[in-house]
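Enquirer: First the structure, which I've put down as structure tokens, then a few questions once you've had a look.
The values are calculated or read from the model by the stated rules, or taken from the named source; none is laboratory data. What you are looking at is a predicted structure, and each value in this text was computed from that prediction instead of being measured. So basically every Cβ, Gly included, is an ideal-geometry build from the backbone, and we count neighbours across all protein chains shown.
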Number of protein chains: 2
Amino acid sequence: MSESLIERRQRLLGLNVPVFYEDPVHITRGEGVWLWDAAGRKYLDCYNNVPHVGHCHPRVVEAIARQAAVLNTHTRYLHEGILDYVEALTAKIGHGLSQAIMVCTGSEANDIALRMAQAMTGKSGIIATDNTYHGNTAAVSQLSTRREPIGGRAGHVRLVPAPDGLRPIGGSVEGQAEAFAREVGRAIVDLEEQGFGFSGMMLCPVFANEGLPSLPPGFLEPVLGVIRRARGLILCDEVQPGFGRVGGHWWGHEAMGFAPDVVTLGKPMANGHPVAAVVARPDVMEAFREAFGYFNTFGGNPVSCAAAMAVLQVIDEEGLVENARDVGAYLLDGLKALKHPLIAEARGTGLFFGIEFMREDEPAGTFTAEVVEAMRREGVLLNRLGRHGNVLKLRPPMPFSRQDADFALDALARVLKAMPG
Amino acid sequence: MSESLIERRQRLLGLNVPVFYEDPVHITRGEGVWLWDAAGRKYLDCYNNVPHVGHCHPRVVEAIARQAAVLNTHTRYLHEGILDYVEALTAKIGHGLSQAIMVCTGSEANDIALRMAQAMTGKSGIIATDNTYHGNTAAVSQLSTRREPIGGRAGHVRLVPAPDGLRPIGGSVEGQAEAFAREVGRAIVDLEEQGFGFSGMMLCPVFANEGLPSLPPGFLEPVLGVIRRARGLILCDEVQPGFGRVGGHWWGHEAMGFAPDVVTLGKPMANGHPVAAVVARPDVMEAFREAFGYFNTFGGNPVSCAAAMAVLQVIDEEGLVENARDVGAYLLDGLKALKHPLIAEARGTGLFFGIEFMREDEPAGTFTAEVVEAMRREGVLLNRLGRHGNVLKLRPPMPFSRQDADFALDALARVLKAMPG
């Protein structure tokens, strides 16, 4: 009897290493917005944001292959690659955030961002929402997990209620922005009373992991005011919304209309090559460099920079930020037009969508899981998010077309029709 | 006036981002053990361990290019790449360490290893030496830094005196192994008294950053006994010694003759592609997975695994572990034969060497720095290490030949002759 891939995986990677789907997909090839499994079956990828400019984009593949054949070394030598890239990247950001540290993962980027806030303030207290994900190092996982870590949750971390469009903090949609700000204000007072002081708040500007709630324009203004008045830093985690995902804007903070002190980038940055970065103002960078030693062996190597530069260029040349706006609006219209008794809300920004399912007043997490499985059977890969797992999550590669949107919409309509609730 | 590369670097990366050499090298191309600068000047690379099988090894470049063109996605889908690699890797390790988590940097690997020790023991106390480097996340940098972090040094960390061949702990070379073990024993008692308990000790089996001291066979036995009796885990950081660097053995712990509980790997693993791993027994892996959630978006992707697999295959096919032993012994003989009044000791293991310079009884750090600069002018890239920066560090790519060794030795002889001390 031959060992199955699942069995082999358990033997070599261990137990409790989750895979997607009840019948996991064995993917062998990708191209653009499409993936193929070992049996040759084709899937429309409505989930993966890492292959940002499309699976195996030839420009990115060529950049990696070319540079890997010429030189790949660390940044203790001089090389134009990292300088050209940081110059091109920071030109897209503004707000005086003109310097960057290049690292390998979003987790590493956020781990540094926390220390930047500490360096600027001399304090350690940090705030995040209670249903977020900022990565998996020991430090940032304190912000990401609902499990109590061994040794206890770090005293300097405060998690505040996450904004929610359907179950607003404070009970009313109109009052939620002020209620959220008050929660953060209370956490700041608590951190100061406990002697940690307040260094800043880390937030995803579209609250992606929180469930991608629909929030009115200016929603963040009260909370940002509270953070600034307490002299904390705004650490903007753009790992999910960045690089045009939100459509029409390069960054989530740009779409939301605010100026962060630190921006962290990851997943889509180099189309899957392990590249991430922290972008900051020179005063923040200088404070960090004075307070902490930091060097990243692989960070900013010429191959990583070539891959990241190719992604930036493809986004511009193929008009993917505009495509995310246009196709995003088209697909959102289609999602909103879907009729099903359990759909509580279809929402989205650019090419990032959530469909929230409720059964009466209860989040319909199990139903949503069944939709995910049924869509996989229809040849469309997507998943779910949010505290209750009742929000269908669509977040396709950026070259997603109207035709691809129609394919996904048709499949979803068929699936929902077969699942009356 | 045009902006120099150094000025541009300061503008884009910030102040205090160190480069090697007073006159930094602007490297543009690498091949095997050679690097070329922008002016076309060729340098013998006697420093870089990341391009383990040689700069731009065609097999590794081809593996990356080929897989990047086919598929690069995360491990929530099934893929043979990670399974084939983990199977091949763990077959080289033994001791029941049959499972792995693949990540992107040695820092991420060590950050996980600390949590594995916590998960196995339910305790948080951790010990390292006082002149080591285990990475740069907020958690592991507590073990790596001599600077007091903001918020203070974490209470659960104890740094014990690093072994030293010339200035032994306890004053005598013969008694150093027992003295080191007593220091660790005292730290364990202190951690237990302070309520943190003892989870384990993280150590580099050849104490590379500590200065690569010459230590007698069996040196680690007393300390390992102390750790095991206290039921702590031995977290073996193989980022520097691993993959045959020590010569004749694949791993530092193998050369030193002990069985670790957890092995962490990084830098040389994929010849510069950002790949690292934590290897552990199934019981350790299971405890970690039960206590902590962990997922790494880029970790174990098909391209990373293809790069790492190519490195493993090249090491075997080109006999690089044996080459490190043979050429290492040859070069060490040559280094030992160098005559200079300031040479206190020439030492090494495989293709990793230290030459310690002392002026009377004082570490000659400035002199060593001048040797590094003079060697750069001679076309040989190396650096220095150790607490006092008085140990010349040679750690070339693994395909280093006797001819390359002669080139380095001749240059070093010329430099030392011109620097009588």
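Enquirer: Take residue B:65 and tell me if it is of a type outside the set (Lys, Arg), in a helix (DSSP H, G or I), farther than 26 Å from residue A:68 by Cβ and facing another protein chain (nearest Cβ under 10 Å).
Expert: No: the conditions fail for residue B:65.
For every residue, the table says whether it meets (1) more than 23 Å from residue B:105 (Cβ to Cβ); (2) of a type in the set (Gly, Ala, Ser).
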| site | (1), (2) |
| --- | --- |
| A:53 | yes, no |
| A:74 | no, no |
| A:93 | yes, no |
| A:103 | no, no |
| A:117 | no, yes |
| A:120 | yes, no |
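Enquirer: If you don't mind, there's one more thing I want to ask. Only residues that are surrounded by fewer than 23 Cβ atoms within 10 Å (Cβ to Cβ) and either among the charged types (D, E, K, R) or within 12 Å of residue B:278 (Cα to Cα) (or both): list them for the range B:222-253, please.
Expert: B:228, B:229, B:231
Enquirer: As an exercise: evaluate residue B:66 against (1) surrounded by 15 or more Cβ atoms within 10 Å (Cβ to Cβ); (2) among the basic types (Lys, Arg); (3) outside the structural domain of residue B:327 (by TED's automatic domain parsing) and give the number of the one condition it does not meet.
Expert: Only one criterion is unmet by residue B:66, namely (1).
Enquirer: Which members of the range A:286-317 meet the condition of being more than 14 Å from every other protein chain (Cβ to nearest Cβ) and either β-branched (Val, Ile, Thr) or touching a helix residue (DSSP H, G or I) at 6+ places or on another chain (Cβ under 9 Å) (or both)?
Expert: Correct list: A:312, A:313, A:314, A:315, A:317.
Enquirer: Would you pick out the residues in the range B:1-10 that are surrounded by fewer than 17 Cβ atoms within 10 Å (Cβ to Cβ) and either part of a helix (DSSP H, G or I) or of a type in the set (Phe, Trp, Tyr) (or both)?
Expert: B:5, B:6, B:7, B:10
Enquirer: Scan the range A:110-150 for residues that are assigned to a helix (DSSP H, G or I) and either free of Cβ contacts under 8 Å to residues at least 60 places away in the same chain or of a type outside the set (Ser, Thr, Tyr) (or both) and report the count.
Expert: 18
Enquirer: Would you mention how many residues in the range B:97-118 are at the interface with chain A (Cβ under 9 Å from one of its Cβ atoms) and in contact with a Ser or Thr (Cβ under 9 Å, 6 or more places away or on another chain)?
Expert: So the answer is 15.
Enquirer: Which of (1) modelled with pLDDT of 95 or more; (2) closer than 21 Å to residue A:35 by Cβ is the odd one out, the single condition residue A:336 does not satisfy?
Expert: So the condition that residue A:336 fails would be (2).
Enquirer: Oh, and also: Examine the range B:166-174 for a residue that is in a helix (DSSP H, G or I), surrounded by fewer than 20 Cβ atoms within 10 Å (Cβ to Cβ) and in contact (Cβ under 8 Å) with a residue 40 or more places away in the chain, and state whether such a residue exists.
Expert: no
Enquirer: How about the range A:26-50: which of its residues are buried (at least 20 other Cβ atoms within 10 Å of the Cβ) and at the interface with chain B (Cβ under 7 Å from one of its Cβ atoms)?
Expert: Within the range A:26-50, A:27, A:30, A:48, A:50 meet the criteria.
Enquirer: Here are some residues: A:243, A:295. Which one is outside any strand (DSSP E or B), over 26 Å from residue A:47 (Cβ atoms) and of a type in the set (Phe, Trp, Tyr)?
Expert: A:295
Enquirer: Sticking with this one: Residue A:24 is checked against (1) closer than 17 Å to residue A:320 by Cβ; (2) in a loop (DSSP other than H, G, I, E, B) and fails just one. What number does that condition carry?
Expert: If we test residue A:24 against (1) closer than 17 Å to residue A:320 by Cβ; (2) in a loop (DSSP other than H, G, I, E, B), just (1) comes out false.
Enquirer: Quick one: in the range B:124-164, of everything that is among the basic types (Lys, Arg) and surrounded by fewer than 23 Cβ atoms within 10 Å (Cβ to Cβ), which residue is nearest to residue B:233 (Cα to Cα)?
Expert: B:153
Enquirer: Moving to a separate point now. Testing residue B:3 on (1) modelled with pLDDT under 95; (2) at the interface with chain A (Cβ under 9 Å from one of its Cβ atoms), one condition comes back false. Which one is that?
Expert: (2)
Enquirer: Please list, ordered by first then second residue, the pairs with beta carbon atoms under 6 Å, 6 or more apart or interchain, first in the range A:219-245 and in the same structural domain as residue A:284 (by TED's automatic domain parsing), second of a type in the set (Val, Ile, Thr) and assigned to a loop (DSSP other than H, G, I, E, B).
Expert: Hits for this filter: A:241/A:206.
Enquirer: Where residues in the range A:58-75 are free of Cβ contacts under 8 Å to residues at least 60 places away in the same chain and not β-branched (Val, Ile, Thr), which of them is farthest from residue B:376 (Cα to Cα)?
Expert: A:58
Enquirer: Moving on. Looking at the structure I just gave you, is residue B:215 surrounded by fewer than 24 Cβ atoms within 10 Å (Cβ to Cβ) and under 18 Å from the mean Cα position of the chain (by Cα)?
Expert: So residue B:215 passes the test.
Enquirer: Taking the range B:83-96 as the search range and keeping residues that are surrounded by fewer than 24 Cβ atoms within 10 Å (Cβ to Cβ) and either within 9 Å of chain A (Cβ to nearest Cβ) or of a type in the set (Asp, Glu) (or both), which one is nearest to residue B:20 (Cα to Cα)?
Expert: In this case the residue turns out to be B:90.
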